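Notes to accompany the following structure.
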Amino acid sequence: MDITLQKAGTLLGNRLVSPAPVQRKHAKLARTVCMAKTKETTEVNFVPFQEVKPQLATVSKTDAPTESFARCNYEVSCEHAMNEQINIEYNISYIYHSLYAFFDRDNIGLPGLAEYFRNSSAEEREHAEKLMAQQNRRGGRVKLLSILLPETEFNHKDKGDALYAMELALSLEKLNFIKLRELHKVACDAEDAQLADFIESEFLQEQAQAIKIVSEYVSQLRRVGKGLGVFEFDRYLSGATPAGAAGGMGAAGLPAAGAVA
Ligand SMILES: [Fe+2]
Ligand SMILES: [Fe+2]
């Protein structure tokens, strides 16, 4: 009888008795675990100085500053898709900037909408910079692509300028959501968990929320019609009306198309 069984027996009334079947089973299990632990500690699963050799050779050959030291399991497909998304964010930023300039004109005179689109433009550029930081973090190369000339006139014969601009913004935000999901798919296809997580945590939720907010603005502008309704909506955006003040959404605090808390 081994020591474990003796101990088990001692615990049963302070005298040496034969342990119950359940206790014998536990003692056997303890011996098995003990043997497994001994096996684990004697086996070598990871040989760092051997396994690191390919990486070390890559780093040694890296010709700084033209090549990245940090790059590790970063597919070219992901690098290209990231540069395309940076370009999309810049294009949308440029269009929003054009909308800002339009609503800021003296013969348009809608400062709330002008400020809204100015904030939205800055927000999209921040998104581009966030993507740039991620590209550099992974050792990719940021490549800025051409930006198309945006429209400069936003008067629509039937809808007027404000509703047309907000419907345009909604379309752009929805298109951006589609593009972000395409980027996410490229990351998943490359089995790049870090990139997929970055897109999910930093962009997708915020983009979905942005679409909801702009959709509500479109609904409100459809209700108020053109003329005085747009004037009141603009005052609401700028925080000049009680509704805007109650919501805590003045021009400074207004959620931009790409900005969500
Ligand atoms: Fe964006
Ligand atoms: Fe946006």
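The values are calculated or read from the model by the stated rules, or taken from the named source; none is laboratory data. What you are looking at is a predicted structure, and each value in this text was computed from that prediction instead of being measured. Neighbour counts are summed over all protein chains in view; Cβ atoms, including those assigned to glycine, are modelled from backbone coordinates with ideal geometry.
Look at (1) modelled with pLDDT of 95 or more; (2) loosely packed, with under 13 Cβ neighbours inside 10 Å; (3) away from ligand 2 (no atom under 16 Å from the Cβ) and you find that residue 220 fails only one, number (2).
Taking the criterion of being away from ligand 1 (no atom under 13 Å from the Cβ) and either hydrophobic (A, V, I, L, M, F, W, C) or not in a helix (DSSP H, G or I) (or both), would at least one residue in region 84-93 satisfy it? The answer is no; no qualifying residue exists. Of 171, 201, all but one fail to be free of Cβ contacts under 8 Å to residues at least 24 places away in the same chain, farther than 24 Å from residue 95 by Cα and part of a helix (DSSP H, G or I); the exception is 201.
From the list 199, 211, exactly one residue is within 14 Å of ligand 1 (Cβ to nearest atom), touching a Lys or Arg at 6+ places or on another chain (Cβ under 9 Å), under 23 Å from residue 99 (Cα atoms) and modelled with pLDDT of 95 or more. Which is it?
211
Being in the same structural domain as residue 124 (by TED's automatic domain parsing), within 16 Å of ligand 1 (Cβ to nearest atom) and in contact with a Ser or Thr (Cβ under 8 Å, 6 or more places away or on another chain) holds for only one residue in 204, 183, 175, 170, and it is 170.
Which residues, counting only those in region 88-105, are out of contact with any helix residue (DSSP H, G or I) (no Cβ under 8 Å at 6 or more places or on another chain) and either under 11 Å from residue 144 (Cα atoms) or within 12 Å of ligand 2 (Cβ to nearest atom) (or both)? Of everything in region 88-105, just one residue is out of contact with any helix residue (DSSP H, G or I) (no Cβ under 8 Å at 6 or more places or on another chain) and either under 11 Å from residue 144 (Cα atoms) or within 12 Å of ligand 2 (Cβ to nearest atom) (or both), namely 91. The residues on offer are 127, 97, 80, and the sole one that is part of a helix (DSSP H, G or I) and surrounded by fewer than 18 Cβ atoms within 10 Å (Cβ to Cβ) is 80. Every test in (1) outside any helix (DSSP H, G or I); (2) in contact (Cβ under 8 Å) with a residue 24 or more places away in the chain; (3) among the polar types (S, T, N, Q) is passed by residue 66 save one, and that test is (2). Screening residue 232 with (1) crowded, with 19+ Cβ neighbours inside 10 Å; (2) at pLDDT 90 or above gives one miss only, at (1).
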